[in-house]
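These notes are about the structure you will find just below.
The values are calculated or read from the model by the stated rules, or taken from the named source; none is laboratory data. Since the structure is predicted, the reported quantities are computational estimates derived from the model, not experimental observations. Heads up, the Cβs are rebuilt from the backbone with ideal geometry, glycines too, and the neighbour counts pull from every protein chain shown.
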Amino acid sequence: MAERAAPVPGLRTRPLQLCTCCREPLAPGTDVCPRCNTDVRGGARSQDARSALVFGIVGLAILPIAFSIPAIVLALRARREIARTPGLHGSDAAGWGLATGIAGLGLGIVLILTVVLGFINPS
């Protein structure tokens, strides 16, 4: 049976920080988990970035042009806000919101062209 070392009086130990995703122990001051690449800093997150991601996903799934244009606008606004504000998180969500917005806009244009060409040349 392993023996436990007696605690040293007056020695203060920091609680062990674990990754919120994979529960890997993290070194003090670590911002990103080395095992699963999860951001463990916490803190304020950009609402525009989150909204851009939601609009982009909805734009891909339901109404491409109606939701993709706001996704692009919100993502660009969020990226500027994150760049200006130190400690504000959400750059990944803003990037994915921009990507899904552009993809949804492209999908919407292709769908509109398909319908228009179908009416022009119905054979």
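Among all residues of segment 59-78, there is none that is modelled with pLDDT under 80 and touching a Gly at 6+ places or on another chain (Cβ under 9 Å). Selection of segment 50-102 for residues being within 20 Å of Asp31 (Cβ to Cβ), of a type in the set (A, V, I, L, M) and not in a helix (DSSP H, G or I) yields only Leu88.
Gly95 satisfies every condition listed in (1) closer than 21 Å to Val58 by Cβ; (2) in contact (Cβ under 8 Å) with a residue 24 or more places away in the chain; (3) not polar (S, T, N, Q) except (2). Considering segment 64-122 alone, what residues qualify as being touching an Asp or Glu at 6+ places or on another chain (Cβ under 6 Å) and over 13 Å from Arg45 (Cα atoms)? Passing the criteria: Leu74, Arg77. If you go through segment 24-38 and keep only what is among the hydroxyl-bearing types (Ser, Thr, Tyr) and under 19 Å from the mean Cα position of the chain (by Cα), you end up with just Thr38.
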